[in-house]
1. State all residues of the stretch A:37-64 that are within 28 Å of residue B:7 (Cα to Cα) and either surrounded by fewer than 20 Cβ atoms within 10 Å (Cβ to Cβ) or more than 10 Å from chain B (Cβ to nearest Cβ) (or both); if no residue qualifies, say none.
2. Among the residues of the stretch A:1-30, what is the count of those that are over 14 Å from the mean Cα position of the chain (by Cα) and closer than 17 Å to residue A:102 by Cβ?
3. Tell me, which strands (runs of 3 or more DSSP E) wholly within the stretch B:1-98 include 2 or more residues that are within 13 Å of the chain's Cα centre (by Cα) and within 25 Å of residue A:4 (Cα to Cα)?
4. What about residue A:106, is it in contact with a strand residue (DSSP E or B) (Cβ under 9 Å, 6 or more places away or on another chain) and without any contact (Cβ under 8 Å) to a residue 12 or more places away in the chain?
5. I need a count of the residues in the stretch A:81-113 that are surrounded by 21 or more Cβ atoms within 10 Å (Cβ to Cβ) and not in a strand (DSSP E or B).
6. All but one of (1) surrounded by 19 or more Cβ atoms within 10 Å (Cβ to Cβ); (2) under 20 Å from residue A:102 (Cβ atoms) hold for residue B:115; state the number of the condition that does not hold.
7. Of all residues in the stretch A:65-80, count the ones that are surrounded by fewer than 20 Cβ atoms within 10 Å (Cβ to Cβ), on the phi < 0 side of the Ramachandran plot and either without any contact (Cβ under 8 Å) to a residue 24 or more places away in the chain or assigned to a loop (DSSP other than H, G, I, E, B) (or both).
8. Looking only at the stretch A:18-36, which residues are more than 10 Å from every other protein chain (Cβ to nearest Cβ), modelled with pLDDT of 90 or more, over 22 Å from residue A:110 (Cβ atoms) and assigned to a loop (DSSP other than H, G, I, E, B)?
C-alpha cells in the first residue's frame, strides 16, 4: 500500500544553519504531497504542498519539490530560526481517495541559539 | 472565520469504557476526517465523513465509529477501550471531495485520550 518514509530525528541545528529533512514515498498513480508542522501541544498546520511532478511548494522560507523520478519530497530551509523548532510530518494524499492523508513518522527539529 | 475545534481537550478513561469525542468543522467545510496519533508517531487515518456519510476507512476495528451531523460537525465513538487506544485524536475538515486529492485539510488541536 501507499506509504511515506522520513529521515529519523531528532535533528539538532544551530540558528541560521541549512535544513534538509528527507522524505520518500510509495504510491500508485499521482498523489499530492504535503509537509505539515506540529508545534508542542498543538495540532497540525499545513506548511506547504505540491500536487504534481516538478511542482515546488514554498512557505515561510521552507521549500520542497515533488520529484516523481526519485519519489521524494525533501523539505529544505536556507536559514533556520529557534522558532522553527517543531515536529515536521511529510504526508501524501492518494489520487482519487477523497483527500485522506498518509503520514510519515515525523522528524523532530530542535534549533539552538 | 472559526477554525476546527475539538472537545474535550483531555480525557481519562478506564479500559472497557466507551468514549465520545467531538469536532466542529471550519465554516463552510463539509468533510471531516479523524486521525489517531500515538506518542512519537505520525497520525493514522481512522475514517472520513462527507455530507453525513462515511467515505473511506482506515485499518481500525468496528469499535471505532463515527457520525456527521447536518451542520457538518462530527463525533468519534470508541467502544470497549483498550490501553493502546491512548493517543491524540485529531479531527480535520476540508471543503469537499470534488477536485481530487489536493484539497487542504485543516486540523483541530486534538483530544488527548488516556486509557488506564
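The values are calculated or read from the model by the stated rules, or taken from the named source; none is laboratory data. Only a predicted model underlies this, so the values are computations on that prediction, with no experimental measurement involved. Glycine gets a Cβ as well: all are built from the backbone with ideal geometry, and neighbour counts include every protein chain shown.
1. A:37, A:39, A:40, A:41, A:42, A:45, A:46, A:47, A:48, listed by residue number.
2. Going through the stretch A:1-30 one residue at a time, the tally reaches 7.
3. Correct list: B:31-37, B:44-50, B:53-57, B:87-94.
4. It is false that residue A:106 is in contact with a strand residue (DSSP E or B) (Cβ under 9 Å, 6 or more places away or on another chain) and without any contact (Cβ under 8 Å) to a residue 12 or more places away in the chain.
5. Residues in the stretch A:81-113 being surrounded by 21 or more Cβ atoms within 10 Å (Cβ to Cβ) and not in a strand (DSSP E or B): 5 in total.
6. The number of the failed condition is (2).
7. Result for the stretch A:65-80: 8.
8. Within the stretch A:18-36, just A:27 meets the criteria.
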